[in-house]
Amino acid sequence: MVRKKTTGAAACAFATALVIGLAGCTSSEPDPDQVLQELQESAAAEAGSPSAEAPASKSPKEVAVEDAKAAVQEYYRVKNLATSDPTKFDIEMYETVATGTNLSSLRDEYNIYVANEGHSVGELKIDSIKVIKVDLTNKPKADPPVVPSIELAVCIDSTDFDIVGKDGKSVVKDGAVERSIDKLGLRHDDYPNGNWIVEYVANGNEVKPC
């Protein structure tokens with residue numbers, strides 16, 4: 001037998017019926033003045049008692065970091081989608097997650113996949129994200145404009161990721177680092193509305209393991 005949850009209204013009705021039932025068992029009617037006094041005293045006691053502390057609101061920096069991390073998750077989701085089947089990928093999707101030099105790099109990478117009839121197998125996975133710096137200075141009308149920026153160190157796990165050519169064979173060199181750091185720079189052109197977007201990925205001249 002399936003039990004239905006008691007709704008708030010039903011619970012109130014049940015409580016009312018219980019009170020009426022108990023009142024019917026008493027030998028005398030309650031004093032209206034006494035009832036009113038008890039209700040007032042109860043309300044005063046509740047008003048004076050310390051209530052549970054409301055959860056502390058997040059600072060603008062904390063909110064910005066959370067949103068930037070979510071943008072990074074979406075960035076790698078789009079990257080995986082693009083390389084898994086380049087022939088079916090809409091290259092304009094890159095514009096939703098990247099801008100500037102990074103947008104150009106993603107397009108170049110995509111064109112290499114297409115030209116070589118290659119694709120990726122598996123996915124690049126985010127292992128961890130650490131904050132390097134946060135600057136929420138927002139002066140879009142300055143010359144040059146200054147917009148909020150965040151730099152993150154992202155540990156990427158490519159253990160289950162591979163790149164194959166049109167012959168289906170892997171083109172990744174043996175001994176390649178399977179867990180490495182991507183240093184991402186994100187900017188926000190419509191802060192605090194809209195989304196963070198990846199402006200650059202600066203890895204330097206060497207792959208740093210993580």
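Structure data summary
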| read-out | value |
| --- | --- |
| Ordering of 128-139, 147-158 by packing [mean C-beta count within 10 Å, highest first] | 147-158, 128-139 |
| Spacing of the two label points (7 Å from each Cα toward its C-beta) at S128 and D157, in nm | 1.2 nm |
| Zone of R107's modelled label, taken as backbone nitrogen in the range 168-193 under 15 Å from a point 7 Å along Cα→Cβ | none |
| Cross-link pairs K79/K183; K61/K208; K130/K173 - those with Cα-Cα distance over 18 Å | K61/K208; K130/K173 |
| Virtual spin-label span in nm between E62 and V164, 7 Å along Cα→Cβ | 4.7 nm |
| Separation of the S84 and A176 label points, Cα + 7 Å toward Cβ, nm | 1.8 nm |
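Each reported figure results from applying straightforward, stated rules to the coordinates on display, with no laboratory input. What you see is a predicted model; the values in this text were computed from it and never measured. So basically every Cβ, Gly included, is an ideal-geometry build from the backbone, and we count neighbours across all protein chains shown.
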